[in-house]
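What follows is one structure encoded as structure tokens, with my remarks underneath.
The values are calculated or read from the model by the stated rules, or taken from the named source; none is laboratory data. Since we're looking at a predicted model, the values are computed, not measured. Cβ: placed from backbone, ideal geometry, glycine included. Neighbour counts: every protein chain shown. All accessible areas refer to the heavy atoms of the entire protein, side chains included, with ligands and DNA or RNA removed. Shrake-Rupley method; radii C 1.70, N 1.55, O 1.52, S 1.80 Å.
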Amino acid sequence: PCEEMRTQVFQLAGCNWRCWYCFVDFSLLSGNPKYGKFLSAEEMLDMYLEQENPPQIFDLSGGQPDLVPEWCLWMMQEIEKRGLKDKVYVWLDDNLGTEVLWEVLTPEQISYMATFPRHSRTCCFKGYDGVSFSFNTGQKNASSFDSQFSIFEKLLCSGFDLYGYVTLTSPAGNCTKEKIKWFVDRLQMIHPNLPLRTIPLEIKPFTNTTSRMDSSKLDDSFVEQQKAYDFWWDELTKRFTYKELTLPYDKVQIR
């Protein structure tokens, strides 16, 4: 573990979901120009380079940055244009909620991003079943829960270097050992080692979370989160050796 990691974060001011635990104010997720500014890739890179001792990690976040998949492409092209291709690490945060990437970019453009020498994406699974997904994202139609797996697999098949998060909060009484076992099974259908590259993301109370949800429901969700994590760890210890479980995430092979 590192004690400090310096990154330059740019956020897309739009998202297709409204996760109650999101650290971003909902007013900044609606694409409202009052709370954001249109910037070109050139302008963003200028701002980055004008800093004293710019960090080596350039984080494209949100919201959901892949609502505008050209953004990542344009940033990479500008980074290469300025001779920084091997010096800047481009990190992207993906909520697995859109397939716009394949709708607006060519296979050549997608391949360019996937093979960029210093690029990774972290993909967040919003829950372990349809109920927890709806609870976390505010989406009444839980079918998007299933599409997360197909989108992740599609990104992996396109050649991207991927990491996973999973948020384990859910309504009272939802979590069972069988549901967590099924979720781990589903990850392993994509690759047997994928659970080792998937990090349970602990949700903690802070200003946004306490203002968006009734306190009793909030407390229940944290109880369910702990139960889910315990079941998760129990499943992983059954399926992997100690050596595999202690392997650094970036050393886990999923190809």
Practice problem: Output the qualifying pairs, or none if there are none: Cβ atoms under 6 angstrom, residues six or more apart or on different chains, first residue in the stretch 53-81 and in contact (Cβ under 8 Å) with a residue 40 or more places away in the chain, second residue outside any loop (DSSP other than H, G, I, E, B) and acidic (D, E). | Solution: S61/D93
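Mind listing whichever residues of the stretch 27-43 are in a helix (DSSP H, G or I) and either touching a strand residue (DSSP E or B) at 6+ places or on another chain (Cβ under 9 Å) or open to solvent by 70 Å² or more (accessible area, probe 1.4 Å) (or both)?
Selection gives L28, P33, K34, Y35, E42, E43.
Could you please find all residues in the stretch 227-249 being in a helix (DSSP H, G or I), among the aliphatic types (A, V, I, L, M) and surrounded by 14 or more Cβ atoms within 10 Å (Cβ to Cβ)?
Initially, the stretch 227-249 is screened for residues in a helix (DSSP H, G or I), giving 227-239, 242-245, 249.
Next, from what is left, pick out any that are among the aliphatic types (A, V, I, L, M): 228, 236, 245.
Listed by number, the residues that qualify are A228, L236.
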Exercise. Go through the stretch 140-172 residue by residue and tally those that are more than 30 Å from P248 (Cβ to Cβ) and open to solvent by less than 60 Å² (accessible area, probe 1.4 Å).
Key: 3
Practice problem: Could you tell me which numbered condition E224 fails, if it satisfies all but one of (1) more than 20 Å from H119 (Cα to Cα); (2) of a type in the set (D, E); (3) in contact (Cβ under 8 Å) with a residue 40 or more places away in the chain; (4) surrounded by fewer than 19 Cβ atoms within 10 Å (Cβ to Cβ)? | Solution: (4)
Quiz item: Taking interchain pairs and intrachain pairs at least six residues apart, which have beta carbon atoms under 6 angstrom, with the first residue in the stretch 194-215 and under 28 Å from F152 (Cβ atoms) and the second hydroxyl-bearing (S, T, Y) and loosely packed, with under 14 Cβ neighbours inside 10 Å?
Solution: R197/Y249
